[in-house]
Every structure is written in structure tokens, then in C-alpha cells.
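The values are calculated or read from the model by the stated rules, or taken from the named source; none is laboratory data. Keep in mind it's a predicted model, so treat the numbers as computed, not measured. Here the Cβ is made from the backbone with ideal geometry for all residues, glycine too, and neighbour counts use every protein chain on show.
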Amino acid sequence: MNENEKVREELLNAVIGLTDEQLNTHPERGRWSIMQVLDHLYLMERAITKGISDKLKSDDSIPAVDKPIELTLNREMKVQAPPFVIPSGSYQTLSEIKEKLSESRKAFVQVVDHAKKTDLEQKSFPHPLFKDLSLKQWIPFVGLHEKRHLLQIEELKAKL
């Protein structure tokens, strides 16, 4: 979990000094704005938290073999975001998205901290690329996913 916190801090530091207008600007046609990337990360963390929470409450126990989740960092591998984590194009302020990210992280940490280790290892739910992913692997995936998008944010900042 510490790695997730470190990446989140890097993510928030990456947008320091940018105006709300810059954050909501689309530097390239057909690509997300920095704000949309941040909103996607919020939606993703919320969806993962719900997935973990639902599986922990369920009697289903579907173990999954460990997957190479570090491939998440390979940005040459394009993955289409599922519709429920595609951000809206609505204008948001940095303070609004920071609050949303803080809320989603608190909920994520609470669910993970109250989970039994055996449940995290023995239960899973599907990922679009990796298929069944253990709840245990979903935890570091959050940080890897944010790190992937941190690289995207740096690219977008360079084009502002």
C-alpha cells in the first residue's frame, strides 16, 4: 500500500502550479485532458474498491494465479478503458478532483485494511486485460495504473 501512497503523492505533485484552465485543456485532439486523466483515476479507484468490497461480501471464492500486472506500466500496450471509468468532459477544479481522489483513496484503504489476507488471496474479479485478478493483486494494480497515467500527465503537461 505504501507504493500506492507514493505514486498518489507524485501524481498530485505533478499538477502543482497548473491552473484549472490548463488542467481542463485538451493539448491534443482526441486525447484526454489532465483533468480527465485524474477523473479516470478517481473512477477507476472507486470501481476497484467496489469490486473488492463486493467480492469480500460474497461467498464466491475463485482463486486466480498471479498475473504480470507490472505490464500495466508498458504504455505501448493500449487498453480501452471500460465505459464506467471513462471520464466526462465536464469542467472541474483541482480542489474538486483532489477531494474526489481523497475520498476514493479513503474508501479503498478502509476496504483493504479490513479484509482478511486469505480472502484477498482466494477471491478475484476480472480485469479487461489480465482476466481474473486476485483481490491481492488489485491492490498494487491501483498504484501501477496511476503510475502509467502519471507518465501520460507528464506528456500532456509538456504540450500545454
With the condition kept exactly as written, say whether any residue in region 121-138 is surrounded by fewer than 13 Cβ atoms within 10 Å (Cβ to Cβ) and either of a type in the set (D, E, K, R) or in contact (Cβ under 8 Å) with a residue 24 or more places away in the chain (or both). yes
In region 63-87, anything polar (S, T, N, Q) and surrounded by 10 or more Cβ atoms within 10 Å (Cβ to Cβ) is listed as Thr72, Asn74
All-but-one check, Asp60 against (1) in contact with a strand residue (DSSP E or B) (Cβ under 8 Å, 6 or more places away or on another chain); (2) at pLDDT below 95, failing number (1)
Reported set for region 77-96 where residues are farther than 16 Å from His145 by Cβ and free of Cβ contacts under 8 Å to residues at least 60 places away in the same chain is Pro83, Ser88, Gly89, Ser90, Ser95, Glu96
For region 26-46, pairs from a residue that is within 15 Å of Arg8 (Cβ to Cβ) to a residue that is acidic (Asp, Glu), with Cβ under 9 Å and 6 or more apart or across chains, are Leu41/Glu146; Tyr42/Glu103; Met44/Glu146; Glu45/Glu146; Arg46/Glu103
### Message
If I filter region 91-103 for residues that are under 16 Å from the mean Cα position of the chain (by Cα) and either of a type in the set (Gly, Ala, Ser) or in a loop (DSSP other than H, G, I, E, B) (or both), do I get at least one hit?
### Response
yes
With the first residue restricted to region 54-74 and required to be under 30 Å from Gln152 (Cα atoms), and the second required to be in a helix (DSSP H, G or I) and among the charged types (D, E, K, R), Cβ contacts under 7 Å at 6 or more apart or on different chains are Thr72/Arg148; Leu73/Lys147; Leu73/Arg148
With criteria (1) under 16 Å from Leu38 (Cα atoms); (2) touching a residue at least 24 places away in the same chain (Cβ under 8 Å); (3) surrounded by fewer than 18 Cβ atoms within 10 Å (Cβ to Cβ); (4) not β-branched (Val, Ile, Thr), Glu99 comes up short on (2)
Filter region 1-43 for residues that are among the polar types (S, T, N, Q) and part of a helix (DSSP H, G or I); the one that is surrounded by the fewest Cβ atoms within 10 Å (Cβ to Cβ) is Asn2
Selection from region 44-58 of residues buried (at least 20 other Cβ atoms within 10 Å of the Cβ) and either within 14 Å of the chain's Cα centre (by Cα) or under 15 Å from Leu151 (Cα atoms) (or both) yields Met44, Glu45, Ile48, Thr49, Ile52
Examine region 107-118 for a residue that is closer than 28 Å to Asn13 by Cβ, among the aliphatic types (A, V, I, L, M) and at pLDDT below 95, and state whether such a residue exists.
-> no
